[in-house]
Amino acid sequence: VRDFLAQYKTKIGCVDCGYNKQHVALDFDHVKGEKQINVCNSKSIGQAKREIKKCEVVCSNCHRIRTYLRLYPCKPDIFELTYEAVEDE
């Protein structure tokens, strides 16, 4: 299963930036349906393929950016909302 996943990820590469050099720097980003398991925890290639249908392959950097944008879209400036002036002592 590990070899299948490694080959699959490098063959597809990051759908955002095209990176495909090292499988360890590529992730499965769940973008459709309900996530049942992490793809890397699949016990068979069949189970992995079923979960992969819900995913896109992206590099670690693009995955972090996607996740950030999904979790923090259009928020007001957090700094201004939480800023407290510190007076010199």
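Once the Cα-Cα distance is subtracted from the 0.36 nm per residue extended length, the residue 61 to residue 2 segment shows a gain of 19.1 nm. For the pair residue 69 and residue 20, the difference between a 0.36 nm per residue extended length and the Cα-Cα distance amounts to 15.4 nm. Selection among 28, 14, 45 by position relative to the dipole of region 8-47 gives 45 as farthest towards the positive end (Cβ unit charges, Cα centre). A simple spin-label model places the labels of residue 49 and residue 11 1.1 nm from each other, with each point 7 Å out along Cα-to-Cβ.
Every read-out reported here was derived from the displayed coordinates using simple, explicitly stated rules and does not represent laboratory data. Given the structure is predicted, the values throughout are model-derived calculations rather than measurements. Positions of Cβ are backbone-derived with ideal geometry, glycine not excepted, and every protein chain shown enters the neighbour counts.
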